[in-house]
Amino acid sequence: MTDTTPAALQLADFCATFEKDTVDKVQSRLLDPSFSNETLRQGLQEMRERMERSVQLLGNLENQCPPVGRFSDELILNILRYCMDEAHSEWTDDDPLEFPGAFSLCWKWRNVVIHSPSLWSRLRLPVKRNLLELFIERSANIPLEIEVDNWDRNNRPEDMQDCEGVEAFCNTFLQLLPRVSHLHLEWNDGQGADNDLRYKIVHLMGLEELTSLKSLEITDWNEDSDDLPDFIIDTPALTKFVFGGDSAHMPQVSRNVTDFDCDCADLGPREMLALLSRHPQLEILDISNADPPAYVERGTYSVVSLPKLKSLCVRSFLPTDMNDLIKNLHIPSWRTMRLSIFLDESAALNHPQGEWGIEEFLGHRLFSFDGIIFFQKASRFNFYYTLTTKSGQEMHVKFKVTPGPRTPIASLSKLSSYPNTLTSVTFDIPKLPTTFDLTQALSSWSNITCIQVRTEKTHFVRLLKVLEQEPEIICPLLEVFDCNGTVFQSSRLGRFLRFRKRCGKPLHQLRVGFGVLDTSTMHKFQALVGEVDEVQTLPQPSYRDMKVWGELRELYG
């Protein structure tokens, strides 16, 4: 530790000398008739102000003594951004913005706050005029992120209670529009909503070219479409568009959107195709159909081309409607589809004329895919199917019969009647289909080279019995048998392996969980198959990811 005693003694001597010299000089001036009292008073005042600045300097230096005082401006800014994000998350009409305490921690931090435009680039409107002007001034000219809502007309800021105040706000908002890069409009349809503000904002957005707008999010479930003006906005830079509400309130935007997230209601295939035709540059598409129509008039549809689309997610369609949508989309570059299909319980049992079930939807596509996956979690109501290609394409289909406690698996005997090019099948389900359905399907899918199974012990034995049928060998091309994650008796699995070898169709690879085979059994199995692969960890395949469906709890184990 550095000894500061000599420096302190020197400062004490300096101060004593300074005080004595000051008193002597003031007294000598008082005795000098040529020196006025006013001049002396002014000199003392200047000396006081200079000493106050020195005291402030000492305070700033003292503030830098703790570790936070020695942080770099960049680190301080990162901390302040985090604090401001927290403040924004708690900023509502009922809870006005409270600036974080870190903003006034010390002179250095305060200086970073004032001179960092990025801290002032996010705001929600409407707000009091003085706060709005503060954000505008300190954000300089950088792009803005703005959220506007109309939750309560009576909650308007005091300076927006009259027409003059509203007009001033609208003029300021219009001036800000060319700077806005991210805009979120949250239009409430409840009692007391400020619809006058909503109409004015919608009108203003059509007056300016929104040159900086890259992301637009609108929520509007109001039922007053006849009262709204035409919502056409010029958005040359817009790439992400999120809309939730009545499709009548959806604005027409520029055709360069690449990421479109839409949550509407009462959309049939025709309305959906017409909507997608506005966005030919899409790469990512996520559509939810909150209240699908009970009846859709069938007919011909115009094909919509989305040549750049890679990821497609569509929720809540009947199987027939989903088919009409998908077959009329030309999407040559797609990599991932997630399609959520539902069917009324009576329709699932009776199959009304002209209406498809899940078997028809999947069956008509088997010829275009190499693999099929059947997945259901024991505690889940839905059933999941995935069709895959060797090039990496994945069509995930979520299916639910409503109402009902549990959705049954598709009829494998029906699926087996469709032409197919399947080489891989996965059963990741607690209970396998009936022995009859398994036999029908696996006999039809004669090109299968890989079977993956994760099921209960007794159902695993049933699968082995199906694969051991004679005289016609089922799945004669089978090379890989993956039972990682399934509990089994080694002796029973060994009998199946010997059967395949005796028939001249030995497996090339067997995959099991790490440590489930003892050394003796491992050697026996290695003599029956080309390779025994022990998998140390159970991978989480894409079809088990529930987050993408809005089901937040991922499935493990």
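Can you give the accessible area per residue of the chain, in Å², using a 1.4 Å probe?
Accessible area per residue: 52 Å².
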Label W107 and K214 with points 7 Å out from Cα along Cα→Cβ: what is the distance between them in nm?
-> 3.8
May I ask which of K214/K398; K108/K214; K431/K505; K414/K547; K431/K465 have a Cα-Cα span longer than 23 Å here?
-> K214/K398; K108/K214; K431/K505; K414/K547
For an R0 of 60 angstrom, estimate the FRET efficiency from the Cβ-Cβ distance between E137 and Q536 and round to the nearest 0.05.
-> 0.55
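For the pair L44 and S89, what calculated FRET efficiency results from E = 1/(1 + (r/R0)^6), where r is the Cβ-Cβ distance and R0 = 45 Å, to the nearest 0.05? Let's see the in-between values first.
Details: r = 52 Å, r/R0 = 1.17.
After rounding, the FRET efficiency stands at 0.30.
With +1 on each Lys and Arg Cβ and -1 on each Asp and Glu Cβ, how big is the dipole of region 181-223 about its Cα centre, in debye rounded to the nearest 20? Before the final figure, lay out each step's value.
Working: 3 positive and 9 negative charges, 31 e Å.
Charge dipole of region 181-223: 140 debye, to the nearest 20.
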The extension gain from R81 to K327, computed as 0.36 nm times the residue separation minus the Cα-Cα distance, is 83.9 nm
Run the quick spin-label model on D234 and R129: label points 7 Å from Cα toward the beta carbon, then report their separation in nm to one decimal.
-> 3.0
Note down the accessible area of T455, probe 1.4 Å, to the nearest 10 Å².
-> 20
Provide the net charge surrounding S368, with neighbours chosen by a C-beta distance below 13 Å and charges set as Lys +1, Arg +1, Asp -1, Glu -1.
-> +1
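Report in % the part of the accessible area of region 424-556 that belongs to carbon and sulfur, leaving out ligands and nucleic acids; probe 1.4 Å.
On the way: 3400 of 6540 Å².
Roughly 52 percent, rounded to a whole number.
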Set of region 485-512 residues, backbone N closer than 12 Å to the point 7 Å along the Cα-Cβ line of D518 | 490-491
Karplus couplings for region 411-421 from phi (6.51 cos²θ - 1.76 cosθ + 1.60, θ = phi - 60°), rounded to Hz, Gly and Pro as x?
-> 5, 5, 5, 6, 4, 5, 7, 8, x, 8, 10
Given H placed 1.01 Å from N in the peptide plane, which residues other than close sequence neighbours of V535 have an amide H under 5 Å from its amide H?
-> V512, G513, F514
Select one label from (1) 1.12; (2) 1.20; (3) 1.23: the one whose number is Rg/Rh (Cα atoms, Kirkwood Rh) as derived from the coordinates shown.
-> (2)
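Count charges around F481 for me, please; just the other residues with Cβ under 10 Å from its Cβ, Lys/Arg as +1, Asp/Glu as -1. If you can, show how the numbers build up before the last one.
Values: positive: R500, R511; negative: E479, D482.
Taking every other residue near F481 into account, the sum is 0.
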Using helices alone, what [θ] at 222 nm do you get for the chain, with -39,500 (n - 2.57) per DSSP H run of 4 or more residues, divided over all residues and rounded to the nearest 500?
-> -10500 deg cm²/dmol
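In debye, nearest 20, what is the charge dipole magnitude of the chain about its Cα centre with +1 on Lys and Arg Cβ and -1 on Asp and Glu Cβ, if you could check? Show your work: numbers first, answer last.
Values: 58 positive and 79 negative charges, 771 e Å.
Here the chain has a charge dipole of around 3700 debye.
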Listed by chain and number, the residues whose amide H is under 5 Å from that of R124, excluding neighbours fewer than 5 places away on the same chain and using placed H, are E147
Any chance you could run the full-extension gain for L204 through K431? It's 0.36 nm times the residue separation minus the Cα-Cα distance, nm to one decimal.
-> 75.8 nm
The answer for the net charge of residues other than N111 whose Cβ lies under 14 angstrom from its Cβ, with Lys and Arg +1 and Asp and Glu -1, is +1
Two-site FRET efficiency, Q509 against S368, from Cβ-Cβ distance with R₀ of 25 Å, rounded to 0.05 = 0.40
Alpha carbon centroid spacing (whole Å) that separates region 507-521 from region 238-313 | 49
Enumerate the amide H contacts of T423 below 5 Å, restricted to partners 5 or more residues apart or on another chain; note that Pro and chain-start residues carry no placed amide H.
-> G371
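Only four residue types carry charge here, +1 at the Cβ of Lys and Arg and -1 at the Cβ of Asp and Glu. Report the dipole size of region 70-119 about the Cα centre in Debye, rounded to the nearest 20. Walk me through the intermediate numbers first.
On the way: 4 positive and 9 negative charges, 107 e Å.
The calculated dipole for region 70-119 is roughly 520 debye.
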Kindly write out, for region 509-519 in residue order, the coupling ³J(HN,Hα) from the Karplus curve 6.51 cos²θ - 1.76 cosθ + 1.60 (θ = phi - 60°), rounded to whole Hz, with x marking Gly and Pro.
-> 8, 10, 10, 9, x, 5, x, 7, 10, 6, 4
From phi via Karplus (6.51, -1.76, 1.60), per-residue ³J(HN,Hα) for region 384-401 in Hz, x at Gly/Pro = 10, 10, 9, 9, 10, 10, 5, 7, x, 6, 9, 10, 9, 10, 9, 10, 9, 9
Of the accessible area of region 70-119, with the probe set at 1.4 angstrom, what percent is carbon plus sulfur?
-> 51
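Tally the DSSP beta bridges in the chain and give the antiparallel ones as a percent, rounded to 5.
The antiparallel fraction comes to roughly 10 percent.
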Leading residue at positive end of dipole, the chain (Cβ point charges), from N130, N141, L77 = L77
Options N150, F14, F369, ranked by Cα towards positive dipole end of the chain, top entry (Cβ charges) | F369
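The values are calculated or read from the model by the stated rules, or taken from the named source; none is laboratory data. Worth saying up front: this structure is predicted, and the values here are computed from it rather than measured. Glycine also receives a Cβ, built like all others from the backbone with ideal geometry; neighbour counts cover every protein chain displayed. Accessible surface areas use protein heavy atoms only, side chains included; no ligands, DNA or RNA. Shrake-Rupley method; radii C 1.70, N 1.55, O 1.52, S 1.80 Å.
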